[in-house]
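The values are calculated or read from the model by the stated rules, or taken from the named source; none is laboratory data. Everything numeric in this text was worked out from a predicted model, so none of it was measured. Neighbour counts are summed over all protein chains in view; Cβ atoms, including those assigned to glycine, are modelled from backbone coordinates with ideal geometry.
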Amino acid sequence: MPESVPSARMKPLARVFFARNPRRVARELLGKVLVRESAGSRLTARIVEVEAYLGEKDSAAHSAAGKTLRNAVLFGPPGYAYVYFIYGNHYCLNVSCEPEGRAGGVLFRALEPLTGIEAMAESRGVTLHNAKDWPRLTSGPGRLSEAFGITRARDNGRDLTSAESGLWIGDDGYRARRIVVGPRIGITKAAAMPLRYYLGRNLFVSGPRLRKG
DNA sequence: ATATCGATTATCT
DNA sequence: GATAATCGATATG
């Protein structure tokens, strides 16, 4: 179960938070809270795993080959949602980083659900039997997007620093412990770069890990 | 427990 | 026409 519930008066992170190097933003996003508010429902989940994607110098980044219609948000101002569709099946959520004009972003890879867990299960189309099933809700970029109802049509370009946007990132005072850095997952280019950040020993981190840490 | 594979489509070469 | 920042199912030890 959630070890804490974010306050109702938690506020979004400021835009300057995202106007920096994606590595720094990624590391500092660990422990923050992703919030989705719509039609009276409120989903919240703690960010426990992210990956940094650098600008045009990062061959694994969608921004590597320059600005296109798809990746335009990454070249725009910081703090906006870049949502892409992958493998004909899944959406993935990023937040744009760096000052406007420079590309860069952070991919959300795993969340620890805090509130609205039943709604997340419904969005994912799964039934929760015991706590062991919880990671299936939000562990993995495709899964967390589905749990939060994130699609490109609905959310690409959304301002993640505005509570009015209905999708934003807050700080509830939680401080990340045991931050681990390692190679990114699922890529073939620049695979060795240590740009994946996650909370060690957290059960919601994606991948074929279970116990230990 | 790890390994391999098929699904399915927007985007880019 | 090939590829992809994934997932869930199936196969095998």
| query | Got a sec? Which of A:ALA60, A:ALA19, A:ALA65 is of a type in the set (A, V, I, L, M, F, W, C) and more than 16 Å from DNA strand C (Cβ to nearest atom)? | reply | A:ALA19
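To keep it simple, each residue is scored yes or no on (1) in contact with an Asp or Glu (Cβ under 7 Å, 6 or more places away or on another chain); (2) touching a residue at least 12 places away in the same chain (Cβ under 8 Å); (3) assigned to a loop (DSSP other than H, G, I, E, B).
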{"residue": "A:LEU128", "(1), (2), (3)": "no, no, yes"}
{"residue": "A:GLY142", "(1), (2), (3)": "no, yes, no"}
{"residue": "A:TRP168", "(1), (2), (3)": "no, yes, no"}
{"residue": "A:VAL181", "(1), (2), (3)": "no, yes, no"}
{"residue": "A:PHE204", "(1), (2), (3)": "yes, yes, yes"}
| task | Name the one entry in A:GLU56, A:GLU37 that is part of a loop (DSSP other than H, G, I, E, B) and in contact with a Gly (Cβ under 7 Å, 6 or more places away or on another chain). | result | A:GLU56
| message | Can you find, within segment A:154-213, the residue that is farthest from DNA strand C (Cβ to nearest atom) among those that are within 18 Å of A:VAL25 (Cβ to Cβ) and of a type in the set (Phe, Trp, Tyr)? | response | A:TYR174
| Sole exception among (1) closer than 22 Å to A:ASN21 by Cβ; (2) part of a strand (DSSP E or B) for A:PRO99, by number | (2)
| said: When the residues of segment A:145-199 are narrowed to those that are hydroxyl-bearing (Ser, Thr, Tyr) and at pLDDT 95 or above, which ends up nearest to A:THR68 (Cα to Cα)? | reply: A:THR151
